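See below for the structure under consideration.
Nothing in this text is a laboratory measurement; each read-out follows from the coordinates by a stated rule. Note that the structure is predicted; figures quoted are calculated from it, not measured. For neighbour counting, all protein chains shown are included, and Cβ atoms are generated from backbone atoms with ideal geometry for every residue, glycine included.
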Amino acid sequence: MIKKELVALIEKKRAELIKAANTNGYTSSVAIRRSQELDQLINEYNRNYINRTPSSTY
């Protein structure tokens, strides 16, 4: 998945989480599920685009 698509998915999932929390409550099973899905997407983003270690040039 390319970075642009992943960012779009993260934004979509974040909107779904906000809607679920506002509709069902922050501790509802729906909101928790959306939160976990968002966490997975953010973790994937971090693994692929943030936490990369530069290659050694020694």
Practice item. Scan region 17-39 and report the pairs whose first residue is within 22 Å of residue 6 (Cβ to Cβ) and whose second residue is in a helix (DSSP H, G or I) and acidic (Asp, Glu), with Cβ atoms within less than 6 Å and a gap of 6+ or a chain change. Key: 34/16
Check your understanding: Out of all the residues in region 1-27, which are among the polar types (S, T, N, Q) and not in a helix (DSSP H, G or I)?
Key -> 27
